[in-house]
Amino acid sequence: MKMLKLLSVAIFCCPLSYQALSAAPLVTASEAALPAASGTIATRGISRGPAVKLNSPEADTPIQSPFDLKFSFEARGDSKIDLSSVKVVYLKTPIVDLTPRLKNAITPTGIDFQKADMPAGTHVLKITVKDSEGRETNTIINLVVNK
């Protein structure tokens, strides 16, 4: 009986939000059905812009949805990451801006979006980040989702 009372107190004192328990849509089925972006995706070679690294999941490796999407940002020298410059887009026609969906997950050290939900398929994202000196980095990643 004591265990039941403690459990009840924990549930009422510290409720988990629905968002914490459920997957959050990153890309919808209708967005995934859009045609792929056409043309060449241009990225520059060596850059003094911030480093952008995909920490989770591993790019081009099949994953199950939902999954945790984690990027790290690293500014170079004495510069800082310009949070207002961070942009994540889904490369479709038309391009889908995912930044508003990720807004609460973006920090100066990266992106940590828990339980990202995406339909099955290969999804190409472009991440753009600038530093306080205006230097820009564009990174393209492929996420392969199995359902």
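Solvent-accessible surface of region 78-147, taken per residue with a 1.4 Å probe and all protein chains present: 49 Å². Amide H to amide H, with H built 1.01 Å from N, Ser65 comes under 5 Å of Asn146, counting only residues 5 or more places away or on other chains. Once backbone amide H atoms are built at 1.01 Å from N, Asp82 has Lys130, Asp131, Ser132 as its partners under 5 Å, excluding neighbours fewer than 5 places away on the same chain. When nucleic acids and ligands are ignored and a 1.4 Å probe is applied, Arg101 ends up with an accessible area of around 80 Å². Label sites at Lys87 and Asp117, each approximated as a point 7 angstrom past Cα along Cα to Cβ, lie 2.8 nm apart. Lysine pair count for region 65-147 (Cα-Cα distance under 22 Å; residues 8 or more apart in sequence or on different chains): 23.
Using a 1.4 angstrom probe with every protein chain in place, what is the largest-first accessible-area order of Leu26, Leu83?
Values: Leu26 0, Leu83 75 Å².
Order by accessible area, largest first: Leu83, Leu26.
The values are calculated or read from the model by the stated rules, or taken from the named source; none is laboratory data. Treat the numbers as computed from the prediction; the structure is a model and nothing was measured. So basically every Cβ, Gly included, is an ideal-geometry build from the backbone, and we count neighbours across all protein chains shown. Accessible surface areas use protein heavy atoms only, side chains included; no ligands, DNA or RNA. Shrake-Rupley method; radii C 1.70, N 1.55, O 1.52, S 1.80 Å.
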